[in-house]
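A quick write-up on the structure given underneath.
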Amino acid sequence: MLKGKSALITGSTSGIGLGIAQALAGQGCNIMLNGLGDPKKIEITRLGLETGFGINAGYHGADMTRPDEIAELVKTTVAVFGSIDILVNSAGIQHTASIGEFSPERWAAIIAINLSSSFYTTHHALPAMLRSGWGRIINIASVHGLVASINKAAYVSAKHGLVGLTKVIALETAGSGITSNAICPGWTRTELIEPQIVARAQALGVDIEEAGRNMLAEKQPSQQFVTIEQLGQMALFLCSRAADQITGTAIPIDGGWTAQ
Ligand code: NAD
């Protein structure tokens, strides 16, 4: 379905971004990985995509807090693959504290990585997409782009902002062959939420698995974690022709969280 196309996926060295990379690569899409981590592990991931799916995969370590490095990431992707057909903005971090306790540094980092980086990637990638007359922009927002929780001021603000940015991109590109949508996952078992599970286990004096169940019970009616495979399949659907007219949406995949 995506043979000959190429995708730049920020924050794809682990978790949801990697799940989406695998789903797109499975359909023949070339992948530019991005994210932090152990260089040896990242190289294994990159090679795994190439050998497992017979595609070309690259890696660029641009720091999503650095607009100059983001510009370089997009430039490199276009130079390596000749185009960026699919842009997935998945890089993200979390920090939990009440507003009174929230450090200005953490606030700035979350806004930079979880929101501003998507503006910069889009700003630089749009000209190539407009030239080719086809493109898919998929922003990994969150249920926290739609509803709030306590102790997540920066994250909730960034994700609501990302849903807003998704809509503006959709309106500015409407009719051009480019679509822009946000996926809004509920709890998905990745490195990002692990500290919250550990903190809950400590607070309740229970083991990690019990803390995970407790977390789901509070917010996610299905009582099941979303999987990175399910999110990968949604990204694939958004890249399909069936989704040509789906743009400007924020799609919850959240086991019923936002239905409450
Ligand atoms: P994760 O920690 O596995 O992935 C985060 C990715 O972002 C990693 O590749 C990491 O290296 C990268 N990253 C972090 N800081 C970076 C920086 N400064 N520059 C470049 N890359 C950076 O966690 P995840 O759950 O896969 O998170 C992916 C996205 O999904 C995030 O935007 C997150 O907010 C969102 N999300 C996660 C959940 C969940 O429950 N896990 C729910 C809703 C939304």
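No value in this document is a laboratory result; all are computed from the given coordinates. Remember, predicted model here, so these are calculated numbers, not experimental data. Here the Cβ is made from the backbone with ideal geometry for all residues, glycine too, and neighbour counts use every protein chain on show.
Taking the chain as the reference, fit the longest principal axis to its C-alpha atoms, fit the long axis of helix 194-204 to the helix C-alpha atoms, and give the angle between the two in degrees, 0 to 90, nearest 10.
For 194-204 against the chain, the angle is about 10 degrees.
Return one quarter of the surface area of the convex hull spanned by the alpha-carbon atoms of the chain, equal to its mean projected area, in nm².
About 13.6 nm², averaged over all directions.
Karplus couplings for region 102-119 from phi (6.51 cos²θ - 1.76 cosθ + 1.60, θ = phi - 60°), rounded to Hz, Gly and Pro as x?
6, 7, x, 5, 5, 4, 5, 5, 5, 5, 5, 7, 7, 10, 4, 4, 6, 4
At what distance in angstrom do the alpha carbon centres of region 149-226 and region 22-52 lie from each other?
Value for the Cα centre distance between the two parts: 23 Å.
Run the helix sum for the chain: -39,500 (n - 2.57) per DSSP H stretch of 4+ residues, divided by residue count, reported at 222 nm to the nearest 500 deg cm²/dmol.
Using -39500 (n - 2.57) per qualifying helix, the result is -15000 deg cm²/dmol.
Across the chain, how many lysine pairs, 8 or more apart or on two chains, come within less than 21 Å at their alpha-carbon atoms?
The result is 4.
Express the relative contact order of the chain as a whole percentage, based on alpha carbon pairs under 8 Å and six or more residues apart in sequence.
Worked out over the chain, it gives 19 percent.
Return S14, S103, S6 ranked ascending by Cβ neighbour count within 10 Å, so the fewest neighbours appear first.
Arranged by neighbour count, lowest to highest, S14, S103, S6 become S103, S14, S6.
Rg and Dmax of region 85-215, Cα atoms, in Å?
16.9, 57
Where the only charges are on Cβ atoms (+1 Lys, Arg; -1 Asp, Glu), what is the dipole of region 54-139 about its Cα centre, to the nearest 20 debye?
Dipole size: approximately 280 debye.
Kirkwood Rh over Cα pairs of region 1-147 into Stokes-Einstein at 25 °C, 0.890 mPa s: D in µm²/s? If you can, show how the numbers build up before the last one.
Numbers: Rh = 15.6 Å.
Estimated diffusion coefficient is 157 µm²/s.
Of A243, A109, A158, which is the most mobile in a GNM of the chain whose springs link Cα atoms less than 10 angstrom apart?
In this elastic network of the chain, the residue with the biggest mean-square fluctuation among A243, A109, A158 is A243.
Using the Karplus curve 6.51 cos²θ - 1.76 cosθ + 1.60 with θ = phi - 60°, what ³J(HN,Hα) values do you get for each residue of region 22-30, in whole Hz, with x for Gly and Pro?
Working through the residues one at a time gives 5, 5, 5, 4, x, 9, x, 7, 6 Hz.
³J(HN,Hα) across region 45-62 via Karplus (A = 6.51, B = -1.76, C = 1.60, θ = phi - 60°), whole Hz, x for Gly/Pro?
4, 4, 5, x, 5, 5, 7, x, 10, x, 10, 9, 10, x, 9, 9, x, 3
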